[in-house]
Amino acid sequence: MATDTKPRADVNRYLKNTVHDLLSLKGRTIVITGAARGLGLAFAFAIAEVGGNVAILDAADKPHEHFEKLQKDFDVKVNYYKSDVTNYEVLKATFDEIVKDFGRIDGLVTAAGICPDQPFLERAPDSVARCMNINVLGTYYAAQLAAAQMDKQEPTEFNPRGGSIVMIGSIAAYVASKGQATSDYCASKGAVVALAKALGVELAAKKIRVNSISPGYMATDMTLDLCDRMPWLGDIMQNEPPMRRMGDRTDLKVPVVYLLSDAAAYHTSDDILITGGIHAGRLM
């Protein structure tokens, strides 16, 4: 069987594609799970800022008050859907509704997740199963539904074929969290990172890229409240990363946009660690 030994790429393409153009999500529809607040909502703002339409999906009855700002400040379509990532039939109905409302799905960010903190020997089976169902199966189901839509929809000028899936992992996939007992959370995020690598390979022929981002300690309303209640934990999060600070949601906005956009057209099956260096070591 003959093989093509010549590169198929246009070697002068870099002259015609600016960084601004490559990072644009104009016309595309991105679904974000777990985006009523926290990291997911920040991703929604990032996507809207570069022209992408946003479908937010969460189990909460209503989103954070900043959702109204998202709707008002950007000339893009933004909808909120209450759903359940652990219930495949419910989630499928939500994805069908999104396709009906937006016409297509070009990208997915799986930000839905929970982080129980309890000693391993005290973890109850039902609670462990809930963590795994939300963090792992919820990610799996959403990716499957999004990929199925990406594979069958008609090509467009802004997205000839396929799409991009970005799964939110965690530094916990690599190292245990000091001062916390998060065994099932660590296991679930390890599964998410492995899933992204496997799907990136399996779906490559369909032009669907799959990557993950593993953040370190990130300042959100939830983590700041946690640090207020447990100052010793706040000290760990703030002072042990080599960069001597917690991350900010701003630190994740561009990486998410990058992976969703044409700027990452040759980037798949990877995990991007954004941890302030703590994945490499802790300051003594």
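The values are calculated or read from the model by the stated rules, or taken from the named source; none is laboratory data. Computed from a prediction, not measured in an experiment: that's the story for all the values here. With ideal geometry, Cβ positions are generated from the backbone for all residues, glycine too; neighbour counts draw on all protein chains shown.
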Exercise. Restricting the search to segment 57-80, which residues are over 21 Å from residue 221 (Cα atoms) and either among the charged types (D, E, K, R) or assigned to a helix (DSSP H, G or I) (or both)?
Worked result: 72, 73, 75, 77
Problem set entry | Selection within segment 221-264 - touching a residue at least 24 places away in the same chain (Cβ under 8 Å), small (Gly, Ala, Ser) and either in a helix (DSSP H, G or I) or farther than 27 Å from residue 63 by Cβ (or both) | 263, 264
Exercise. Is there a residue being more than 30 Å from residue 162 (Cβ to Cβ) and hydrophobic (A, V, I, L, M, F, W, C) anywhere in segment 239-248?
Worked result: yes
Exercise. Restricting the search to segment 166-176, which residues are touching a Ser or Thr at 6+ places or on another chain (Cβ under 9 Å), surrounded by fewer than 23 Cβ atoms within 10 Å (Cβ to Cβ) and in a loop (DSSP other than H, G, I, E, B)?
Worked result: 174, 176
Exercise. If we scan segment 75-90, do we find a residue that is without any contact (Cβ under 8 Å) to a residue 40 or more places away in the chain, of a type in the set (A, V, I, L, M, F, W, C), touching a helix residue (DSSP H, G or I) at 6+ places or on another chain (Cβ under 6 Å) and closer than 17 Å to residue 58 by Cα?
Worked result: yes
For this session: Kindly list the number of the only condition in (1) buried (at least 20 other Cβ atoms within 10 Å of the Cβ); (2) part of a loop (DSSP other than H, G, I, E, B); (3) within 17 Å of the chain's Cα centre (by Cα) that fails for residue 54.
Result: (2)
Exercise. Which one of 245, 209, 229 is over 28 Å from residue 122 (Cβ atoms) and surrounded by fewer than 19 Cβ atoms within 10 Å (Cβ to Cβ)?
Worked result: 245
For this session: Can you run down the residue pairs with Cβ atoms below 8 Å, 6 or more apart or on separate chains, where the first is in segment 193-213 and in a helix (DSSP H, G or I) and the partner is loosely packed, with under 14 Cβ neighbours inside 10 Å?
Result: 206/161
Seminar exercise, completed: Within segment 115-130, the count of residues that are surrounded by 14 or more Cβ atoms within 10 Å (Cβ to Cβ) and either under 17 Å from the mean Cα position of the chain (by Cα) or in a loop (DSSP other than H, G, I, E, B) (or both) comes to 5
Problem set entry | Unique residue being surrounded by fewer than 22 Cβ atoms within 10 Å (Cβ to Cβ) and under 30 Å from residue 132 (Cβ atoms) when the list is 62, 77 | 62
Problem set entry | Residues (of a type in the set (Val, Ile, Thr) and out of contact with any strand residue (DSSP E or B) (no Cβ under 6 Å at 6 or more places or on another chain)) located in segment 128-149 | 128, 134, 136
Seminar exercise, completed: Listed by first then second residue, the pairs whose first member lies in segment 102-129 and is farther than 30 Å from residue 29 by Cβ and β-branched (Val, Ile, Thr), whose partner is modelled with pLDDT of 95 or more and surrounded by 17 or more Cβ atoms within 10 Å (Cβ to Cβ), with beta carbons under 6 Å and at least 6 positions apart or on separate chains, are 128/184
Exercise. Which ones in segment 85-114 are surrounded by fewer than 19 Cβ atoms within 10 Å (Cβ to Cβ) and among the small types (Gly, Ala, Ser)?
Worked result: 93, 103
